[in-house]
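The values are calculated or read from the model by the stated rules, or taken from the named source; none is laboratory data. Keep in mind the model is a prediction, meaning the values are calculated, not measured. Here the Cβ is made from the backbone with ideal geometry for all residues, glycine too, and neighbour counts use every protein chain on show. Quick note on the areas: whole protein, heavy atoms, side chains included, nothing else; ligands and nucleic acids left out. Shrake-Rupley method; radii C 1.70, N 1.55, O 1.52, S 1.80 Å.
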Amino acid sequence: ADIAVLVVAADEGMKQQTEEALTQILESGSTLLVAINKIDKPEANIQRVKQQLAEKGILLEGWGGTVLASELSAKTGKGVPEFLDLILLASEVEELKADPKVPASGVVLEAHKDARIGNITTLLITNGTLHHGDYVVSESAMGKIKNMTDTQGARITEATFSAPVIIIGFDELPSSGSVFRATTDKKEAMGLKKEKPRARTQQIAASTGEEGKPILGVVVKSDAYGTSEALRKLISDLQFKSVSVRILRNEVGDLNESDVLLAKSSKAVIAAFKISIPGPVAKLVQFSNVSVLSADVVYDLVNGIKEMMRELLPPEITRID
């Protein structure tokens, strides 16, 4: 992103999720704007938020720094127009420009499969104009736009840069974060499409590593690519001195028999996020005695894995003379 907005709740302040979002923004090099939300709540403490940001090295205007910030309430709408003006100001300062006359290009924000509709993809256009009927290509995925809506669900026939759109038409799910390009010519689209990489045989991790250090294997299944990538990073970062974690599989879609068999053979746990478990697979899970952590909140799932890792920690021995 050219401009990233860090949203901090005035009543709660900086939380773990907020700090991780801030870290990602700083690593990306995007222009940072801060939105202090929920100022309408009685327990809101704006000064505390600014102090917490200062402790993280983020100095806002008025606090000896240059980071632009705005105080607002998404519930009442207070301060929202001013914050939108702040975003426009930042774009002018950074001289962010695009050409609406060229074919669209941008980034895949999200993609998931609907059993009834097909592959649904959310795109963020960063340059050009996207039209209904255009061919879109993202790495090895390609398709013709059959339906296009804005984020409110209203059907549209075209959209230009800075607009997120939801389309139906990809022949397979593109990867979240990948770049897409659009064209009106099918032959040109075929030329832009990359060859699909061959599937690699999944390596099964041992239950112990060097010097007998326990390793918790995890099979991750989630509802969408964006969530899949977030879970991969958060789980991979869970490391203890005496126990580590290894992701054996990270895929989008409902739990299947292959996932269960992999977890059983590698003594792994299954982390399921917002997915269903078909009846036959549920029976296999029970028969195989495989542990399944299921959650609808990312951090609940990550914390569940963390607790399982703690259970693998060797007992502490205290010597009393």
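Structure notes:
- Relative contact order for the chain, counting Cα pairs under 8 Å that sit 6 or more residues apart, in percent: 11
- Point-charge dipole on Cβ atoms (K/R +1, D/E -1) for the chain, about Cα centre, debye to 20: 1100
- Residue-span extension gain [Asp254 to Asp85] - 0.36 nm each, minus C-alpha spacing: 56.6 nm
- Element breakdown for the chain at a 1.4 angstrom probe: carbon and sulfur atoms account for 49% of the accessible area.
- Sequence-distant residues sharing a close amide H with Leu6 (under 5 Å, placed H): Leu33, Val34, Ala35
- Of Lys56/Lys274; Lys113/Lys233; Lys113/Lys193; Lys194/Lys267; Lys187/Lys221; Lys97/Lys146, pairs whose Cα-Cα distance is over 27 Å: Lys56/Lys274; Lys194/Lys267; Lys187/Lys221; Lys97/Lys146
- Gyration tensor analysis over the Cα atoms of the stretch 144-184 returns equivalent ellipsoid semi-axes of 17, 12, 11 Å (largest first, whole Å).
- Descending semi-axes in Å of the stretch 109-181, equivalent ellipsoid built from Cα gyration tensor: 16, 14, 11
- Remark on the stretch 9-62: hydrodynamic radius 11.7 angstrom, per the Kirkwood mean of 1/r across alpha carbon pairs.
- Share, in percent, of DSSP beta bridges within the chain that are antiparallel, nearest 5: 50
- Taking the stretch 32-71 and dividing mean pair separation by its residue count, relative contact order in percent (alpha carbons under 8 Å, at least six apart): 48
- Here, the stretch 78-128 is characterised by an Rg to Rh ratio of 1.16, where Rg is the alpha-carbon radius of gyration and Rh the Kirkwood radius.
- Using the Cβ-Cβ distance between Lys233 and Gln16 with R0 = 22 Å, the FRET efficiency computed as 1/(1 + (r/R0)^6) comes to roughly 0.95.
- With the largest listed first and rounded to whole Å, the semi-axes of the equivalent ellipsoid of the stretch 242-311 from the Cα gyration tensor are 19, 15, 11.
- Karplus 3J(HN,Hα) series, Hz, for the stretch 182-190 with 6.51 cos²θ - 1.76 cosθ + 1.60 (x for Gly, Pro): 10, 7, 8, 9, 5, 5, 5, 4, 4
- For the chain, the Kirkwood estimate of the hydrodynamic radius, built from every pair of different alpha carbons, is 22.8 Å.
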